[in-house]
Amino acid sequence: MPDVTITVNGQRETRAVETRTLLVHFLREQLRLTGTHVGCDTSQCGACVVHLDGRSVKSCTILAVQADGAEVTTIEGIGTEEKLHPMQEAFRQHHGLQCGFCTPGMIMRAIDLVDRDPDADEKTVRHQLEGNFCRCTGYQNIVAAILAGAIAMRNQT
Amino acid sequence: MYQFEYHKPTSLAEALGLLAEDADAKLLAGGQTLIPTLRQRLVSPSALIDLAGVPELTGIGRSGELLSIGAMSRYAEIIESPMVRAIIPSLSRTVEVVGDPLVRNRGTIGGSLANNDPTADLTAAVLALDATVVTDRRSISADAFFVDLFETALEPGEILVRIEFPRPSRSAYIKFRNPASRYALVGVFVAEVAGRVRVAVTGAGPKVFRELMFEEALQRKFSPEAVKDLEVSASGLSSDLHASAEYRANLISVLARRAVSAALNEPSHGI
């Protein structure tokens with residue numbers, strides 16, 4: 001089995017993996033970072049979104065070996081329990097979730113889209129969330145949370 | 001997923017060597033189609049040859065009058081390229097409607113073309129814009145490249161290196177999207193390149209094709225009215241749970257008119 005070294009949330013992690021191990025399984029099962037979820041198994045739902053070298057991607061559609069040498073950020077890497085990331089705090093304040101299963105992917109996607117387009121309007125946010133499914137909320141509060149989170153992220157810097 | 005070997009060559013020559021050695025190996029580009037397919041055990045390659053480390057397949061640039069896009073250019077890179085937007089804005093906009101933003105952060109133009117999905121978007125752009133597919137050994141015209149359902153002119157052991165696009169005088173792509181899959185139920189790309197109008201249709205048949213009746217009408221007069229009364233035959237078009245062949249035939253007419261309007265309204269091509 002090949003060794004891969006991936007910097008996850010700032011920490012270099014080296015593990016032996018099967019070539020067919022998906023990045024999401026590497027994160028969840030080998031590093032025990034279970035905040036990244038597997039929602040659909042068909043590359044459609046976006047519950048598994050992480051940042052790979054600064055871009056939001058579906059970690060269920062990337063092999064761990066493809067991420068060898070890369071930097072990965074997961075939902076565990078953006079804030080602490082004491083001090084949530086502004087986007088996490090916005091989801092809490094605006095109740096941008098019901099069951100919460102899609103939330104890690106939503107937040108990782110939201111941070112990437114705000115990083116790239118800090119002034120994104122509601123229409124843009126909805127469009128940019130196309131790869132993330134929520135089967136509870138109807139998206140209304142998720143979009144409200146992201147718009148508020150964008151302002152909070154701007155004010156933070 | 002079945003087990004497979006994994007190789008990550010660092011040059012085109014090394015990738016070609018690995019591919020020549022193993023007839024059951026598959027090339028891995030962005031993986032946004034291949035990895036889901038592997039997961040469903042619909043394919044079982046002996047090895048994956050990851051092209052992400054091959055420098056010859058990257059880069060967007062101009063060569064003379066042509067816009068050259070490396071096969072491993074990810075959709076997001078193409079969207080963000082000021083050069084692509086300046087030379088062929090309709091191509092930027094086509095890439096913007098591929099899949100979803102997460103797919104666009106990984107998927108590549110070369111992967112899409114080599115896969116030749118009958119409902120892909122980029123195939124229509126390449127065919128309408130009369131682009132040339134350049135491989136490690138030859139240049140293939142768009143008209144010759146798309147052979148059949150998921151089949152291209154690429155031979156075993158051949159690697160797609162880049163795509164060269166001539167600059168159109170006007171062009172636009174209109175997609176009627178399947179909301180579940182985000183693939184094109186039907187998409188029509190209209191372009192005028194070197195004085196010739198080309199109309200490519202994706203999603204409607206077993207592969208992307210040109211609608212010659214529309215091309216002739218638009219060649220005489222490039223306006224939505226020119227194609228208003230043209231009826232497309234449903235014969236040979238796809239019929240499935242998403243839409244009947246007749247529905248798709250009607251969509252081709254509707255979308256062609258919209259694409260012509262969009263091409264006429266497009267700001268003039270810069271640079």
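Within segment B:64-78, is there a residue that is β-branched (V, I, T) and out of contact with any Lys or Arg (no Cβ under 7 Å at 6 or more places or on another chain)? Yes: one or more hits. State whether the residues of segment A:32-52 include one that is at pLDDT 95 or above, within 14 Å of chain B (Cβ to nearest Cβ) and more than 15 Å from the chain's Cα centre (by Cα). The answer is no, given that none of the residues of segment A:32-52 is at pLDDT 95 or above, within 14 Å of chain B (Cβ to nearest Cβ) and more than 15 Å from the chain's Cα centre (by Cα).
For B:V260, the requirement of being surrounded by 23 or more Cβ atoms within 10 Å (Cβ to Cβ), modelled with pLDDT of 95 or more and within 16 Å of the chain's Cα centre (by Cα) is not met. Taking the conditions (1) touching a residue at least 40 places away in the same chain (Cβ under 8 Å); (2) more than 9 Å from chain A (Cβ to nearest Cβ); (3) of a type in the set (A, V, I, L, M) in turn, B:A52 satisfies each one other than (2).
Within segment A:53-69, not a single residue is crowded, with 17+ Cβ neighbours inside 10 Å, away from every other protein chain (no Cβ under 14 Å) and outside any helix (DSSP H, G or I). Among residues that are within 16 Å of B:I163 (Cβ to Cβ) and more than 11 Å from chain A (Cβ to nearest Cβ), B:L67 is included. One residue stands out among those in segment B:192-214 that are touching a strand residue (DSSP E or B) at 6+ places or on another chain (Cβ under 6 Å) and part of a loop (DSSP other than H, G, I, E, B): the one that is surrounded by the fewest Cβ atoms within 10 Å (Cβ to Cβ), which is B:K207.
Quick check on my filter: what residues within segment B:55-91 are part of a strand (DSSP E or B), in contact (Cβ under 8 Å) with a residue 60 or more places away in the chain and in contact with a Leu (Cβ under 9 Å, 6 or more places away or on another chain)?
Once the filter is applied, which keeps residues that are part of a strand (DSSP E or B), in contact (Cβ under 8 Å) with a residue 60 or more places away in the chain and in contact with a Leu (Cβ under 9 Å, 6 or more places away or on another chain), segment B:55-91 yields B:L67, B:I69, B:G70.
Elements of the type helices (runs of 4 or more DSSP H) sitting completely within segment A:79-153 and holding at least 1 residues that are without any contact (Cβ under 8 Å) to a residue 60 or more places away in the chain, within 14 Å of chain B (Cβ to nearest Cβ) and surrounded by fewer than 18 Cβ atoms within 10 Å (Cβ to Cβ): these cover A:103-116, A:122-128.
Of all residues in segment A:8-28, those satisfying the criterion of being more than 14 Å from chain B (Cβ to nearest Cβ) and either hydroxyl-bearing (S, T, Y) or part of a strand (DSSP E or B) (or both) are A:V8, A:Q11, A:R12, A:E13, A:T14, A:R15.
Screening segment B:74-110 for residues that are more than 14 Å from every other protein chain (Cβ to nearest Cβ) and more than 19 Å from B:E266 (Cβ to Cβ) and picking the one that is surrounded by the most Cβ atoms within 10 Å (Cβ to Cβ) gives B:I109.
All told, B:G59 meets the bar of being more than 26 Å from B:E192 (Cβ to Cβ) and small (G, A, S). Restricting attention to segment B:218-237, which residues are farther than 30 Å from B:V84 by Cβ and surrounded by 15 or more Cβ atoms within 10 Å (Cβ to Cβ)? Answer for segment B:218-237, where residues must be farther than 30 Å from B:V84 by Cβ and surrounded by 15 or more Cβ atoms within 10 Å (Cβ to Cβ): B:L230, B:V232, B:A234, B:L237. In the set (1) in a loop (DSSP other than H, G, I, E, B); (2) without any contact (Cβ under 8 Å) to a residue 24 or more places away in the chain, the condition left unmet by B:G30 is number (2).
Taking the criterion of being touching a Pro at 6+ places or on another chain (Cβ under 9 Å), within 12 Å of chain A (Cβ to nearest Cβ) and among the hydrophobic types (A, V, I, L, M, F, W, C), the only residue of segment B:1-27 that qualifies is B:F4. For the criterion of being over 24 Å from A:R55 (Cα atoms) and either in contact with a strand residue (DSSP E or B) (Cβ under 6 Å, 6 or more places away or on another chain) or among the polar types (S, T, N, Q) (or both), B:I69 fails. Only one of the numbered conditions (1) under 25 Å from B:L66 (Cβ atoms); (2) surrounded by fewer than 17 Cβ atoms within 10 Å (Cβ to Cβ); (3) among the charged types (D, E, K, R) is violated by B:E158, and that is (2).
The values are calculated or read from the model by the stated rules, or taken from the named source; none is laboratory data. As the structure is a prediction and not an experimental result, all values here were calculated from the model. Reconstructed Cβ throughout: ideal geometry from the backbone, glycine too, with neighbour counts over all protein chains shown.
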